[in-house]
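This report concerns only the one structure given below.
The values are calculated or read from the model by the stated rules, or taken from the named source; none is laboratory data. Predicted, not measured: the structure shown is a model, and the values here were computed from it. Please note: Cβ atoms are built from the backbone with ideal geometry, for glycine as well, and neighbour counts cover all protein chains shown. Calculation scope for accessible area: heavy atoms of the full protein, side chains included, ligands and nucleic acids excluded. Shrake-Rupley method; radii C 1.70, N 1.55, O 1.52, S 1.80 Å.
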Amino acid sequence: MPPQHPLRALLPPLEVMEKLGYDRCRCLQGTGVTLQQLDDLGSRITLQQEQRFYRNALDLTDDPLIGLRLGEPFVPQRYGLFGYALLSAETFRHALVIAENFGRLTFSLFSFKFGIEGQSAWFALCDPPLLEEDLIAVYMDRDLAAARVDFSAILGEPFRVESLQLPHQGRGNAQAYRQYFGCEVEFGAPDARFCFDSGVLEKRLPQSDPDSSRHLQQQCQMLIAKLTAQGSFIDEVRMMILARPGYFPDIDYIAQRMEMSTRTLRRKLKNEGSNFRDLLEEIRYGLAREYLADTQLPMEEISSLLGYSEAGNFSHAFRRWSGISPTAWRQNVPLTRPRSV
């Protein structure tokens, strides 16, 4: 099955195109994506739709290096749970392991790998998609620019590239690449990769919270499992509910996304011994207990991850589920179960 990405993957590059003076309608022409759909962030787009958007960006700007600009808004927070797992990793090495393991949760069409050779480390984009050469270059430039932005955010300081390798010959813009990344560039390489000082790998990250990162990685693993799971109907509904971290849709939205009536959705859940409200409550309560037990996330952030606009609303719901406040539950955790180590 061709890969699909969340519709929100188009929002960062759309912001760039709008700042360059191109309206959304022109950028989305021929994609089949409407302006109304941009508000439905649970939607997904096909590779063909995404490819048409980037073809439009290339044609409208007539800039072969437009991919570099389009990658700059992809800060870690854009990736939801995956991004927070990166930010809270203990060291930069741990962050790269997370990127390698859970790269499917980004908006990239490449797989990620990293390694060490002597005093240098490298991070590479591998397994390029079968697309036209100029579009692959746009995607590659976008992801390299995004990686540099993300690595700088994770490190809390500019990510310094010692050298860059690119598979193409520069497409007549060799010097522009050198100026943009501030390093030597080797063209005609087997893959696209950053090379950097391996000493950075052991740098402790400014937002390091290993417990939180470990738990968020568990959530990333669950999301990846849901992408390919062939389980029960309830599992399909769970996947839809968990599709967008921090957003918990109502039953009408889920029914629409599953191309059935709300009545049919209720009936199918009932046939499997469940109902939508109980399922939603079960998911939220389960996630809440994991966040409280296995992370040091503040209540405000847990509330946001569970889809509550205010911490007070989360606290009220948690009292209803458990009979005590989330703060009291967290304080009592050591009496009932060990924390993750």
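So which of Glu90, Glu72 ends up being closer than 16 Å to Ala147 by Cα and either surrounded by fewer than 22 Cβ atoms within 10 Å (Cβ to Cβ) or of a type in the set (Gly, Ala, Ser) (or both)?
Residue meeting the stated conditions: Glu72.
Please list, ordered by first then second residue, the pairs with beta carbon atoms under 7 Å, 6 or more apart or interchain, first in region 97-113 and small (Gly, Ala, Ser), second part of a helix (DSSP H, G or I).
Partner pairs satisfying both residue conditions: Ala99/Leu86; Ser108/Asp143; Ser111/Gly103.
Picking from Leu109, Leu131, Leu105, which residue would you name as being open to solvent by 20 Å² or more (accessible area, probe 1.4 Å) and touching a Cys at 6+ places or on another chain (Cβ under 8 Å)?
Within the list Leu109, Leu131, Leu105, the selection yields Leu105.
Mind listing whichever residues of region 204-219 are open to solvent by less than 70 Å² (accessible area, probe 1.4 Å) and modelled with pLDDT under 90?
Passing the criteria: Ser208, Asp209, Pro210, Asp211, Ser212, Ser213, His215, Leu216, Gln217, Gln219.
If you go through region 308-329, how many residues are open to solvent by 30 Å² or more (accessible area, probe 1.4 Å) and under 21 Å from Leu81 (Cα atoms)?
Number of matching residues: 4.
In region 58-75, is there at least one residue being in a helix (DSSP H, G or I), over 27 Å from Arg178 (Cβ atoms) and under 15 Å from the mean Cα position of the chain (by Cα)?
There is no residue in region 58-75 that is in a helix (DSSP H, G or I), over 27 Å from Arg178 (Cβ atoms) and under 15 Å from the mean Cα position of the chain (by Cα).
Among the residues of region 35-54, is there at least one that is in a loop (DSSP other than H, G, I, E, B), at pLDDT 90 or above, touching a Ser or Thr at 6+ places or on another chain (Cβ under 8 Å) and not small (Gly, Ala, Ser)?
No, region 35-54 contains no residue that is in a loop (DSSP other than H, G, I, E, B), at pLDDT 90 or above, touching a Ser or Thr at 6+ places or on another chain (Cβ under 8 Å) and not small (Gly, Ala, Ser).
Scan region 250-280 for residues that are among the basic types (Lys, Arg) and modelled with pLDDT of 85 or more and jot them down.
Answer for region 250-280, where residues must be among the basic types (Lys, Arg) and modelled with pLDDT of 85 or more: Arg263, Arg266, Arg267, Lys268, Lys270, Arg277.
Checking the condition touching a strand residue (DSSP E or B) at 6+ places or on another chain (Cβ under 6 Å), in a helix (DSSP H, G or I) and either polar (S, T, N, Q) or open to solvent by less than 20 Å² (accessible area, probe 1.4 Å) (or both), which residue from Ala137, Ala99, Ala121, Ala147 passes?
Ala99
Are any residues in region 102-112 of a type in the set (Phe, Trp, Tyr) and not in a helix (DSSP H, G or I), and if so, which ones?
Phe107, Phe110, Phe112
Quick one: which helices (runs of 4 or more DSSP H) sit completely within region 261-327 and have at least 3 residues that are touching a residue at least 40 places away in the same chain (Cβ under 8 Å)?
The helices (runs of 4 or more DSSP H) meeting that bar are 276-294.
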